[in-house]
Amino acid sequence: MELKTITWNIGGGKLLQDGADPLRMTSYTEDGLNAIAGLLESEEPDVIALQETQRKEEYDQVERIASSLGYEHYFHDSTSASHIDTDCRLGHGVISRYPISQHRFGLFENPNAQVTWEDGSTATTHDKGFSSCVVSIGDTRIEVTTPGGAALTTSCTGDWP
């Protein structure tokens, strides 16, 4: 059996405006969640790890993507107030075709570093963390970890089906 995984920092689900400067936050205002879900659907992954996801009480990007793909198994952790959309929380999550168990979450130490942009505004580093879970495929258990803003890591125990 082959297991296909995808990890993606979706940048709050925002797309770069045509012709805009990719180094400026203000260039990313167009909602791209449907495009992201469409690309994921075309790739047909078994496990998806997402970073820089957005969530607020009535809106959850991980839940929306999982639902649009028809995946029943997912979780979404939030680490900090979003610098992308100020009424949301920023986080990460895992979506899987297979059952998820043993979900864990932890925070990394935040150095609270600041940078001053060309326009005089400042930005301060926000909290980052990690989420981990076990994906079960029959008797095989795969540990999946997705740090906020980083890549998917996996380890596997059991007999591969």
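Axis angle, to the nearest 10 degrees, between helix 33-43 and the longest C-alpha principal axis of the chain: 30 degrees. How much net charge surrounds Tyr28 when only the other residues with a Cβ under 15 Å from the Cβ of Tyr28 are counted, with Lys and Arg +1 and Asp and Glu -1? With Lys, Arg at +1 and Asp, Glu at -1, the neighbours total -4. Amide H contacts of Thr29 (H built 1.01 Å from N, in plane; Pro and chain starts excluded): Leu15, Gln17 sit under 5 Å, all sequence-distant by 5 or more or on other chains.
Here the sum of -39500 (n - 2.57) over DSSP H runs of 4 or more residues, divided by the residues of the chain, equals -3500 deg cm²/dmol at 222 nm, to the nearest 500. Protection proxy ranking for 81-93, 117-129, using the average of other Cβ atoms within 10 Å per residue and placing the highest first: 81-93, 117-129.
If the segment from Gln102 to Asn34 were pulled out straight at 0.36 nm per residue, it would be longer than the present Cα-Cα gap by 21.5 nm. About the centre of its Cα atoms, the chain shows a dipole size close to 340 debye [charges on the beta carbon of Lys, Arg (+1) and Asp, Glu (-1) only; nearest 20 debye].
Here are labelled values, [x] 70, 50, 28; [y] 41, 32, 31; [z] 57, 35, 27, and one is the computed Cα extents along the principal axes in Å for what I pasted. Which one? The calculated read-out lines up with [z].
For Lys128, the amide hydrogen comes within under 5 Å of the amide hydrogens of Phe108, counting only partners 5 or more places away or on other chains and with H modelled in the peptide plane.
Taking label points 7 Å from Cα along the Cα-to-Cβ direction, Glu57 and Glu109 give a separation of 3.6 nm. The lysines whose alpha-carbon is closer than 22 Å to the alpha-carbon of Lys128, local same-chain residues fewer than 8 away aside, are Lys14, Lys56.
Read-outs: derived from the displayed coordinates by stated rules, not from any lab. Note that this is a predicted model, so its numbers are computed, not measured. In this analysis, Cβ positions are derived from the backbone assuming ideal geometry, glycine residues included, and neighbour counts consider all displayed protein chains.
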